[in-house]
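Trainee: The structure that follows is given in the form of structure tokens.
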Amino acid sequence: MIARAKNTEYSALVVGSNGWKVLSGHLAIQACAVVGEPDSIREEAVITYLKLYEGHQVEAEELREFCAKDLSYFKVRRSSTLSPIFPRTSIGKIQKNLLRGK
């Protein structure tokens, strides 16, 4: 289950806040969000949503290698979901509740 403290997310051995900080540093990634979604095995699973800059493409293996430079092996995401839009609030925060279940 994911425990939340001011939008810092923890699940099993994966720390979401570290993951999105590292992913946000990639040149092809415009926006990144880490959210919890229902999971039949662990109640909730951590899912990473990415929005790429227009005209950029990135392979999953490239992202794993990029993250492995700064994260422990168990914190590296095995998969990420590309999302063409990131719904935002009036003050610019990503609306994670609208990303869940996409």
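What follows draws every value from the coordinates through simple rules; no lab data is involved. Not measured: the values here are computed from a predicted model. Glycine gets a Cβ as well: all are built from the backbone with ideal geometry, and neighbour counts include every protein chain shown.
Trainee: Out of segment 39-86, which trypsin sites (Lys or Arg not before Pro) are coil in DSSP terms and have no more than 14 other C-beta atoms within 10 Å?
Mentor: Qualifying residues, ordered by number: ARG42, LYS69, ARG78.
Trainee: What list do you get for LEU50, LEU99 if you sort them by fewest beta carbons within 10 Å?
Mentor: LEU99, LEU50
Trainee: What is segment 16-102 by shape, rounded, prolate or oblate, if you read a ≥ b ≥ c off the alpha carbon gyration tensor as root eigenvalues and call it rounded for a/c under 1.5, prolate for a/b larger than b/c, and oblate otherwise?
Mentor: Oblate is the answer for segment 16-102, as a/c is 1.5 or above yet b/c matches or exceeds a/b.
Trainee: Turning to a different aspect of this structure: Arrange ILE91, ILE29 by Cβ neighbour counts within 10 Å, fewest through most, would you?
Mentor: ILE91, ILE29
Trainee: Mind sorting HIS56, HIS26 by how few other Cβ atoms lie within 10 Å of their own Cβ, fewest first?
Mentor: HIS56, HIS26
Trainee: Still on this structure, please answer the following. Counting other Cβ atoms within 10 Å, which GluC sites (Glu not before Pro) in segment 19-75 have at most 14 and lie in a DSSP loop? Show your work: numbers first, answer last.
Mentor: On the way: sites: GLU43, GLU44, GLU54, GLU59, GLU61, GLU62, GLU65; in loops: GLU54, GLU59.
Answer by residue number: GLU54, GLU59.
Trainee: Another one. Suppose the chain between LEU98 and GLN30 were pulled fully straight at 0.36 nm per residue; how much longer would it get relative to their current alpha carbon spacing?
Mentor: Length gained, LEU98 through GLN30: 22.7 nm.
Trainee: So, one more: Roughly how many Å is it from the Cα centre of segment 20-41 to that of segment 50-98, as a whole number?
Mentor: The distance from the Cα centre of segment 20-41 to that of segment 50-98 comes to 4 Å.
Trainee: Under the 0.36 nm per residue contour assumption, what length would be gained going from the current alpha-carbon distance of SER40 and TYR53 to full extension?
Mentor: Working it through step by step, the gained length comes to 1.4 nm.
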